[in-house]
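Below is one structure, written out as structure tokens; the observations come after it.
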Amino acid sequence: MRVIGLAGWSGAGKTTLIARLIPELTRLGFSVSTIKHAHHRFDVDYPGKDSYVHRTAGAREVLVASGERFALMHELRGAPEPDLLQLLKLLSPVDFVLVEGYKPEPLVKIEVHRAENGKSFLYPSDPAIIAVATDCPGEVQGVRTFDLADGQGLAECVQSYAIPMSALIERLSER
């Protein structure tokens with residue numbers, strides 16, 4: 001597995017860009033998984049569903065399965081949030097894992113930046129950012145720059161710069 005991150009401020013278009021990258025990479029014959037960090041509480045089920053009843057009754061894990069998919073919900077119940085490495089180890093092997101968020105992690109990243117957010121660029125203070133996807137490319141200096149709509153160019157960037165899981169493990173252990 002090779003891993004690359006997409007980092008940027010909220011509202012920059014990270015999810016939109018990932019939704020553009022996944023079909024481009026799969027069209028090229030690669031398998032892709034994603035990890036998204038959420039800074040807030042979220043639920044994948046809701047009141048009235050059996051899985052919700054199991055989970056709120058106190059189950060540590062609830063696995064829901066059908067002929068189409070399965071989902072495993074794991075309640076932390078006060079335990080610390082798993083780190084990125086722990087989460088990566090939960091995934092089945094694929095060619096690429098696209099990680100949304102996890103700005104402080106030392107993984108190779110593409111910054112997603114949108115001028116209308118009024119936020120500063122991240123790349124000047126993060127040496128792990130190897131490219132910037134933005135709607136204002138003239139403001140970027142010193143790193144590769146892509147238009148936010150350039151799925152093909154960004155897919156090539158992912159192929160060139162995503163790092164093997166072993167290299168990420170090494171980077172994380174140096175912290």
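The values are calculated or read from the model by the stated rules, or taken from the named source; none is laboratory data. Not measured: the values here are computed from a predicted model. When we count neighbours, we look across all protein chains shown, and the Cβ atoms used for this are built from the backbone with ideal geometry, even at glycine.
Things to note:
- Residue tally, condition surrounded by 13 or more Cβ atoms within 10 Å (Cβ to Cβ) and not in a loop (DSSP other than H, G, I, E, B), over region 1-42: 22
- Breaking point among (1) assigned to a helix (DSSP H, G or I); (2) surrounded by fewer than 20 Cβ atoms within 10 Å (Cβ to Cβ), for Ala155: (2)
- Exclusive hit being over 28 Å from Ile169 (Cα atoms) and exposed (fewer than 14 other Cβ atoms within 10 Å of the Cβ), set Asp50, Asp83, Asp45: Asp50
- Any hit, region 75-98, residues being within 13 Å of Ala7 (Cα to Cα) and either assigned to a loop (DSSP other than H, G, I, E, B) or at pLDDT 90 or above (or both): yes
- Thr34 vs. criteria within 26 Å of Ser166 (Cβ to Cβ) and hydroxyl-bearing (Ser, Thr, Tyr): yes
- For region 24-40, the criterion of being in contact with a Lys or Arg (Cβ under 9 Å, 6 or more places away or on another chain) and at pLDDT 90 or above is satisfied by at least one residue.
- From Gly142, Gly67, residue being in a loop (DSSP other than H, G, I, E, B) and either touching a residue at least 24 places away in the same chain (Cβ under 8 Å) or closer than 24 Å to Ala162 by Cβ (or both): Gly142
- All of Ser173, Ser92 fail the test of being out of contact with any strand residue (DSSP E or B) (no Cβ under 9 Å at 6 or more places or on another chain) and loosely packed, with under 15 Cβ neighbours inside 10 Å, apart from Ser173.
- In region 99-152, residue farthest from Trp9 (Cα to Cα) [restricted to those that are aromatic (Phe, Trp, Tyr) and modelled with pLDDT of 95 or more]: Phe146
- Complete set of residues in region 23-58 that are within 14 Å of Met73 (Cβ to Cβ) and of a type in the set (Asp, Glu): Asp43, Asp45, Asp50
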